1. Could you tell me which of the residues VAL21, VAL31 is surrounded by 13 or more Cβ atoms within 10 Å (Cβ to Cβ), of a type outside the set (Asp, Glu) and modelled with pLDDT under 85?
2. Kindly list the number of the only condition in (1) over 11 Å from ALA77 (Cβ atoms); (2) modelled with pLDDT of 80 or more; (3) surrounded by 13 or more Cβ atoms within 10 Å (Cβ to Cβ) that fails for ILE4.
3. Can GLY51 be described as modelled with pLDDT under 80 and either surrounded by fewer than 13 Cβ atoms within 10 Å (Cβ to Cβ) or at positive phi (or both)?
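The values are calculated or read from the model by the stated rules, or taken from the named source; none is laboratory data. None of these values were measured; they are calculated from a predicted model. Ideal geometry is used to build each Cβ from the backbone, glycine not excepted, and the neighbour counts take in all protein chains shown.
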Amino acid sequence: MTEISPASSMTLEPGDHTIAVRHGGRDRPYVLHVPSVPLRRPAVLVLELHGRGIDPVRFDRWTGFSALGDEVGFAVAMPAAIDEIRRVTLAAQP
């Protein structure tokens, strides 16, 4: 896992990189996909949010955003969910 601070800058090779950002005392990992073609200018970042119960890489295979980013030149960030799945009950208020 590559850890970077919010103030750091680095150049990443094309492909998927797992990066952890520390927030609230916890590591918050995400996968950053750097396209195989040059980034458009200004650079575009697609934030791919998924529901719990599926990891970001499997979700991306289903949506195809990283493959599309490779075609047209945008990066994709895919945060991972944390904690367990919680059951939520919605009830109508009288």
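1. From the options VAL21, VAL31, the qualifying one is VAL21.
2. (2)
3. yes
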